[in-house]
1. How much length, in nm to one decimal, is gained on full extension between residue 150 and residue 133, taken as 0.36 nm per residue of separation minus their Cα-Cα distance?
2. For residue 110 paired with residue 76, estimate the spin-label separation in nm (one decimal), with each label point 7 Å from Cα along the Cα-to-Cβ line.
3. Residue 40 to residue 124: extension gain in nm, 0.36 nm per residue of separation minus the Cα-Cα distance?
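Nothing in this text is a laboratory measurement; each read-out follows from the coordinates by a stated rule. Quantities reported herein were computed from a predicted structural model and do not represent experimental measurements. Quick reminder, even Gly has a Cβ in these numbers, built from the backbone with ideal geometry, and neighbours come from all protein chains shown.
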Amino acid sequence: MLPLLLTACGGGGDSNLGNDGGVVGLSQHGSTNSHNDSRRGTNCMDCHTSGPGTGIFVTAGTSIGGVGGYVDYYADMARTDRRARLEIDAYGNFYTVTAIDILTPDNSGLSPGAYITVVMPGGATRDMPGVVSHTSASCNVCHSVSGTQSPL
């Protein structure tokens, strides 16, 4: 199965483009459509589910050191079956409103979950040891100053 590469090119006059040419609802390298204020590093889903934020995010978070890198979502612990790749934007944020199959709940309300790897700009990787389900795909809930894990 081919991975779903959630990347896009800016430019043009498309109404789905943000003010800097980035696609709204999808993080992109160099884009400044996300937050660069006190909301950065907090739970993105607080506003981007049913709140005032634009779009309902499937997954989101902040990786300050990862600006220009990627966040990869794998179906297997061995990380051989990549299903999605999100670009980390100019503010260190990554997010998407596009469904990722392994984070989509089935009829019983469960999702298979994803094994996540942060790919730093120089190519170094950081693997999250456990699996993340659709209910825990807001990375900043755990990876924050107030969370149980160190910020990304």
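1. Fully extending the segment from residue 150 to residue 133 adds 4.2 nm.
2. 2.1
3. Between residue 40 and residue 124, full extension yields an extra 27.9 nm.
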